[in-house]
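The values are calculated or read from the model by the stated rules, or taken from the named source; none is laboratory data. Quantities reported herein were computed from a predicted structural model and do not represent experimental measurements. Backbone-built Cβ (ideal geometry, glycine too); neighbour counts: all protein chains shown.
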Amino acid sequence: MPGVRISRLLCCMVLALLAGCVTRPPGSTVVLDAAAGRALLANLGHFTFEGRVAANTASGGTQASLAWEQQEATSLLRLSGPLGMGVTRLRLAAGDIVITNSRGEQLEGDAALAALGTQVGMQPPFEALRYWVLGLPAPDSAASESLDADGRLAALAQQGWDVTFDEYRAHSLPQGQVQLPRRLTARHDDLRLRIVIDRWNLAP
């Protein structure tokens with residue numbers, strides 16, 4: 001009968017749609033292995049993150065909120081709180097550094113590095129940090145690496161710093177899901193720099 005045939009046809013269509021949903025789930029994300037994830041992140045030209053940074057030396061410590069934007073080879077940092085004495089902005093490009101304080105005053109080059117060393121108690125390795133925050137060694141110098149059971153960077157010795165990666169979290173890129181550090185600690189002699197990343201944005 002026509003009504004029975006139509007009902008059977010509708011049932012077949014529904015079952016086909018359900019099967020398609022099972023085999024091709026909408027919005028599914030490919031989970032990349034550690035090696036593929038690191039290769040992808042190594043070529044990531046733009047990212048931003050927000051978090052906190054704490055600097056500790058033998059004479060004491062301080063902390064601040066940190067916002068970091070990477071635009072290819074240029075790093076733009078915004079420090080706010082005790083570490084920045086209000087709001088301090090840093091621009092690093094091609095080895096040059098410019099610091100702008102909360103009053104709009106600027107220092108460049110060696111004067112900026114000297115002021116930062118006085119204020120923070122050390123000169124963070126910004127050019128290497130641009131890679132360390134991604135869970136990667138800096139590509140321009142030798143490094144000793146230790147990987148965890150999942151193939152992620154667990155510890156790193158580079159440029160006189162010992163870096164430990166204490167926690168990772170998954171984040172999505174169009175190419176797949178990658179693992180990015182949530183917490184890392186960098187030590188150099190009696191200096192310790194600890195970064196906690198609360199929010200990542202990997203979109204260009």
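What to note about this one:
- Options LEU107, LEU156; residue that is among the aliphatic types (A, V, I, L, M), under 21 Å from ALA35 (Cβ atoms) and in a strand (DSSP E or B): LEU156
- Test result for PRO204, surrounded by 12 or more Cβ atoms within 10 Å (Cβ to Cβ) and assigned to a loop (DSSP other than H, G, I, E, B): no
- The single condition from (1) closer than 26 Å to THR29 by Cα; (2) more than 13 Å from the chain's Cα centre (by Cα) that LEU134 fails is (2).
- Matching residues in segment 86-105 - criterion: being over 17 Å from PRO125 (Cα atoms) and of a type in the set (A, V, I, L, M): VAL87
- For segment 164-194, filtering for residues that are small (Gly, Ala, Ser) and out of contact with any strand residue (DSSP E or B) (no Cβ under 6 Å at 6 or more places or on another chain) leaves 2.
- Condition met for GLY45 (surrounded by fewer than 17 Cβ atoms within 10 Å (Cβ to Cβ) and either of a type in the set (Phe, Trp, Tyr) or more than 20 Å from ALA128 (Cα to Cα) (or both)): no
- Only a single item in (1) touching a helix residue (DSSP H, G or I) at 6+ places or on another chain (Cβ under 9 Å); (2) more than 27 Å from VAL98 (Cα to Cα); (3) surrounded by 19 or more Cβ atoms within 10 Å (Cβ to Cβ) is not met by ASP148, and it is number (3).
- Restricting attention to segment 159-194, the residues being part of a strand (DSSP E or B) and under 19 Å from ALA35 (Cβ atoms) number 13.
- The set of residues in segment 85-97 that are touching a helix residue (DSSP H, G or I) at 6+ places or on another chain (Cβ under 8 Å), surrounded by fewer than 16 Cβ atoms within 10 Å (Cβ to Cβ) and either of a type in the set (A, V, I, L, M, F, W, C) or modelled with pLDDT of 80 or more (or both) comprises MET85, ASP96.
- Number of positions in segment 119-168 that are polar (S, T, N, Q), at pLDDT below 95 and within 22 Å of THR62 (Cβ to Cβ): 2
- For segment 66-84, filtered to residues that are at pLDDT 80 or above and surrounded by fewer than 17 Cβ atoms within 10 Å (Cβ to Cβ), the residue that is farthest from ALA42 (Cα to Cα) is SER80.
- Within segment 43-71, residues that are touching a residue at least 40 places away in the same chain (Cβ under 8 Å) and more than 23 Å from HIS188 (Cα to Cα) have Cβ atoms under 9 Å from residues that are hydroxyl-bearing (Ser, Thr, Tyr) and assigned to a strand (DSSP E or B) in these pairs: GLU50/SER65; GLN70/THR48, counting only partners at least 6 apart in sequence or on another chain.
- Residues being over 19 Å from SER65 (Cα atoms) and small (Gly, Ala, Ser) - total across segment 86-103: 3
- For ILE197, the conditions (1) touching a residue at least 60 places away in the same chain (Cβ under 8 Å); (2) assigned to a loop (DSSP other than H, G, I, E, B); (3) of a type outside the set (D, E, K, R); (4) in contact with a strand residue (DSSP E or B) (Cβ under 6 Å, 6 or more places away or on another chain) all hold with the exception of (2).
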